[in-house]
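The values are calculated or read from the model by the stated rules, or taken from the named source; none is laboratory data. Being a predicted model, the structure only gives us computed values, none of them experimental. When we count neighbours, we look across all protein chains shown, and the Cβ atoms used for this are built from the backbone with ideal geometry, even at glycine.
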Amino acid sequence: MTRHFLDLTDVGPEGIESIVRMAAQGPRPILDGQSVAMVFEKPSARTRNSTEMAVVHAGGHAVMISDAEVGIDVRESAEDVARTLGCYHQIIAARVRNHAVFSRMASALDAQDNQVSIINLLSDYSHPCQAIADMLTLADECGGVDGLRGKHVVYVGDANNVARSLAQACLALGVSVTICAPPGYQFDDATIAELEQFARFDAAVARSDDPMTAVRGASALYTDVWTSMGQEEEAQVRRKAFAQFSITEALLANAADEAIVLHCLPAHRGEEISHEVLEGPRSRVWAQAKHRETAMYGVFGWIGEGV
Ligand code: CP
Ligand code: NVA
């Protein structure tokens, strides 16, 4: 059956482990003779470049398509965009404003049984490719994937798309995760119950609104922007709400001595993370950015197993 990588719920905990292990094997000619359409409704530096270069190194060909060129639900429907790109490409990798568009595109393709897969390169709901890269980065610090079990990641900031995928991936690999967010920007009970479905090897998910307490003993601190793409009108309000939810040297001092710092980037120094921490010895953000390409070998491999 054709596999779509729309969210880590499509993959499940065992699938996440399998993708991370496959990714760690690095480039292989798994896209030989295939092409990938890359559609971006929002800006991107890391995702666009890492995906395109992974396609090249896996023996495939990538075609970059801007929002204006296809105009999902503007120039033509999401379904028609998917079926059109499916005439030429084996994979459609897209960054979209509205996550719901993905299931419409996937349904339109599946109805034709044309074996074209969709990959989520970030939506308002989740960022699954990022989470695979995050696990690879953390595994490097722990002697490999098996070393992840029993670790603890504390995410400080907005309970957003990045936080959701991060929590799913952490729990699947045995890493406990605490989401530390101000009231009103935290995951609700239903989301926590969904996240708990990913937990293996005694990992657990918790919530906190007190960063100083939450980070005690943490193996890694993680943050993302307070205002995601598409939320720009809320920036002022969010700056106030998140003022105490910043990874600073004082916060890092409260974590474990060996704790590392992760950020999916782009970063806003002085907001969710201080310049000193981002540039400091505990920061692994560039290794993390580099692993965005590694991650894609796992994602392409998982998709290929379904065809
Ligand atoms: N982390 C990430 O997705 O970065 P870009 O928005 O630059 O792709
Ligand atoms: N949460 C951010 C992530 C950017 C990579 C956003 O959606 O804009």
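Here are some notes:
- None of GLU305, GLU258 is surrounded by fewer than 16 Cβ atoms within 10 Å (Cβ to Cβ) and in a loop (DSSP other than H, G, I, E, B) except GLU258.
Yes or no, residue by residue, for (1) surrounded by fewer than 17 Cβ atoms within 10 Å (Cβ to Cβ); (2) closer than 28 Å to GLU232 by Cβ:
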residue	(1), (2)
LEU173	no, no
TYR185	no, yes
ASP188	yes, yes
ALA193	yes, no
ALA203	no, no
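- Considering ALA163, ALA131, ALA172, the condition of being touching a Phe, Trp or Tyr at 6+ places or on another chain (Cβ under 6 Å), within 14 Å of ligand 1 (Cβ to nearest atom) and either without any contact (Cβ under 8 Å) to a residue 60 or more places away in the chain or not hydroxyl-bearing (Ser, Thr, Tyr) (or both) is satisfied by ALA163 alone.
- In a residue-by-residue description of segment 41-52, the property of being within 20 Å of GLU293 (Cβ to Cβ), away from ligand 1 (no atom under 16 Å from the Cβ) and under 21 Å from the mean Cα position of the chain (by Cα) applies to no position.
- Residue count for segment 182-230, restricted to those that are closer than 24 Å to THR248 by Cα and assigned to a loop (DSSP other than H, G, I, E, B): 19
- When ARG95 is tested against (1) touching a strand residue (DSSP E or B) at 6+ places or on another chain (Cβ under 6 Å); (2) closer than 30 Å to ALA199 by Cα; (3) among the basic types (Lys, Arg); (4) in contact (Cβ under 8 Å) with a residue 60 or more places away in the chain, just one condition goes unmet, and that condition is (4).
- Just one residue in the set ARG269, ARG239, ARG284, ARG216 is within 15 Å of ligand 1 (Cβ to nearest atom) and out of contact with any Cys (no Cβ under 9 Å at 6 or more places or on another chain); that residue is ARG284.
- When residues of segment 23-54 are limited to those that are among the charged types (D, E, K, R), surrounded by fewer than 18 Cβ atoms within 10 Å (Cβ to Cβ) and more than 16 Å from ligand 2 (Cβ to nearest atom), the one modelled with the highest pLDDT: ASP32
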